[in-house]
Amino acid sequence: MLIEEIVPSVFRVKVPLPNNPLRYTNSYIVKAEDECLIIDTGFNVDECYNTLALALDELRVEKPLFLSTHLHADHMGLAGRFSDSILMSSIEIECIEEMRRSSHDYWKKLVDFYVMNGFPKEEAGLLLRLHPGIKYTYWRDFKFKKLSDGDVITLGDVSLRCILTPGHTPGHICLYDEERKVLFSGDHVLFDITPNISWMPMLEDPLNEYLKSLEKLLSFNVKLVLPGHRGFGINLRERIEELKVHHEKRLKEALSALDHPKTAWEVAPSISWDIEEKNLSKLPVIQKWFIVGETIAHLEHLVRKGEVSKVEVRGRILYYC
Ligand SMILES: [Zn+2]
């Protein structure tokens, strides 16, 4: 089924992500009276374009507004093929502008930093060709429409409140439909998989931000959660508890791995990953990247809490306690 009506005026389209373990991005179409908002889109590739274009055609959508919950390519990569303007949080827009200013240099520096953390140096070049943030994004000269925490977007009789939820990215937002108690959670809360929390230059302790953003959602009365990937959820509180326990477990695993000074890559095998391949060296380069990023995020959180220290030795960052 190409289009599912989830609640009146809200449709979901599963936009396929070819060769990606996420499988698809949930693109939500909010169509109220003669106004329409598309929340998240998929990659800038033909498979995604064809699916979303067909859905918009079937729903007879004309000139929709596009909103991206965050800057990742699987959420905003495709928007530029449809529109020259997009709604995003002002923090996310600042990040995009910073990344554009430094362009190739941004990725080069980031990859160099991951190599200092043990990411295999010989695969750095491959990563620069394959990273979805490079390969599948499309940042045309958007007219960005800035959103801030608490802003309300109104379409016909539907009102969506922006909730700033940093962690997965610096300026990630969720959208809350108070009338119907529906939360569009982007990649902040997922149900069948756990959101990747990785170190980024603009987010020094992403796990701390993420955990605070999970707490923030507890004050909202939510009956249905519509996430950016996979299935919907009905029990937000329970899922938040599970996600907190999940990260506590990873923090403990990271801490107990430090019997001697190690890079993030050396700590990574001690963390339980939800993947079948236990030999991390055999993973595809992109998965290695996410694993190093997530391990750094946990180690940096332990550093901020004073439980772990770090030192740079001959171009390698070693964590120890
Ligand atoms: Zn995503």
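Worth pointing out:
- Residues in the range 32-84 that are assigned to a strand (DSSP E or B) and within 16 Å of the ligand (Cβ to nearest atom): I38, I39, F66, L67.
- Residues in the range 237-271 that are touching a strand residue (DSSP E or B) at 6+ places or on another chain (Cβ under 6 Å) and over 28 Å from V313 (Cα atoms): 1 in all.
- The one condition in (1) in a helix (DSSP H, G or I); (2) in contact with a helix residue (DSSP H, G or I) (Cβ under 7 Å, 6 or more places away or on another chain); (3) surrounded by fewer than 15 Cβ atoms within 10 Å (Cβ to Cβ); (4) in contact (Cβ under 8 Å) with a residue 40 or more places away in the chain that Y114 fails to fulfil: (3)
- Residues satisfying the stated conditions in the range 17-31, i.e. more than 13 Å from the ligand (Cβ to nearest atom) and of a type in the set (K, R): K31
- For the range 150-189, a residue qualifies if it is closer than 30 Å to H298 by Cβ, in a loop (DSSP other than H, G, I, E, B) and either without any contact (Cβ under 8 Å) to a residue 40 or more places away in the chain or not charged (D, E, K, R) (or both), and the qualifying residues are T165, P166, G167, H168, T169, P170, G171, H172, H188, V189.
- Residues in the range 220-268 that are without any contact (Cβ under 8 Å) to a residue 12 or more places away in the chain and over 22 Å from the mean Cα position of the chain (by Cα) were compared, and the one that is nearest to R23 (Cα to Cα) is K252.
- Verdict on E94 being assigned to a helix (DSSP H, G or I) and modelled with pLDDT of 90 or more: yes
- Count - residues of the range 4-30 that are assigned to a strand (DSSP E or B), without any contact (Cβ under 8 Å) to a residue 60 or more places away in the chain and farther than 28 Å from I275 by Cβ: 4
- Qualifying positions in the range 196-217 - touching a Leu at 6+ places or on another chain (Cβ under 8 Å) and assigned to a loop (DSSP other than H, G, I, E, B): I197, P201
The values are calculated or read from the model by the stated rules, or taken from the named source; none is laboratory data. The structure displayed is predicted, hence computed values, not measured ones. All Cβ positions, even for glycine, are placed from backbone atoms using ideal geometry, and neighbour counts span all protein chains on display.
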